[in-house]
Amino acid sequence: MAASTSIEDEFNKFKLKFDRNYATPEEEQKRFGIFKATYERVQDHNKKYEAGEVGFRLGINQFSDLSHGEFTQKNKGRKPSDEDGNPF
């Protein structure tokens, strides 16, 4: 990712990709704050990956504007599955 790309630009790309529209400017600001923290955590982790300190990369996804509590609440009781619906 180019150094000239701002977090605001990345947030705008995220909103387009995942069709995010927030009801109020306050909600958008809240979601931007969560996204920014997630984005920075992903960038820090991926620097460790590039340095060989961890074995996997992270990325921005459809959950990147949710707090940990919101993510947990939305996914309560769900288990990972493959295309056939079988866990693991």
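All of (1) in a helix (DSSP H, G or I); (2) at pLDDT 95 or above hold for Leu58 with one exception: (1). Would you check if Val42 is among the β-branched types (Val, Ile, Thr) and assigned to a loop (DSSP other than H, G, I, E, B)? When the stated conditions are applied, Val42 does not pass them. No other residue among Arg41, Arg57, Arg31, Arg20 is without any contact (Cβ under 8 Å) to a residue 60 or more places away in the chain, touching a His at 6+ places or on another chain (Cβ under 8 Å) and not β-branched (Val, Ile, Thr) apart from Arg57. With respect to the conditions (1) touching a residue at least 40 places away in the same chain (Cβ under 8 Å); (2) in a helix (DSSP H, G or I); (3) among the acidic types (Asp, Glu), Asp65 falls short on a single one, namely (2).
Per-residue answers, yes or no, for (1) of a type in the set (Asp, Glu); (2) in contact with an Asp or Glu (Cβ under 8 Å, 6 or more places away or on another chain):
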site	(1), (2)
Ser6	no, no
Lys17	no, no
Arg20	no, yes
Glu26	yes, no
Lys30	no, no
Phe35	no, yes
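Each residue in the stretch 13-32 was checked for being surrounded by 13 or more Cβ atoms within 10 Å (Cβ to Cβ) and not in a loop (DSSP other than H, G, I, E, B), and 6 of them qualify. Filtering the stretch 68-88 to residues that are among the acidic types (Asp, Glu) and either assigned to a helix (DSSP H, G or I) or modelled with pLDDT of 95 or more (or both) leaves only Glu70.
The values are calculated or read from the model by the stated rules, or taken from the named source; none is laboratory data. Values in this document were obtained by computation on a predicted structure and should not be read as measured data. Neighbour counts are summed over all protein chains in view; Cβ atoms, including those assigned to glycine, are modelled from backbone coordinates with ideal geometry.
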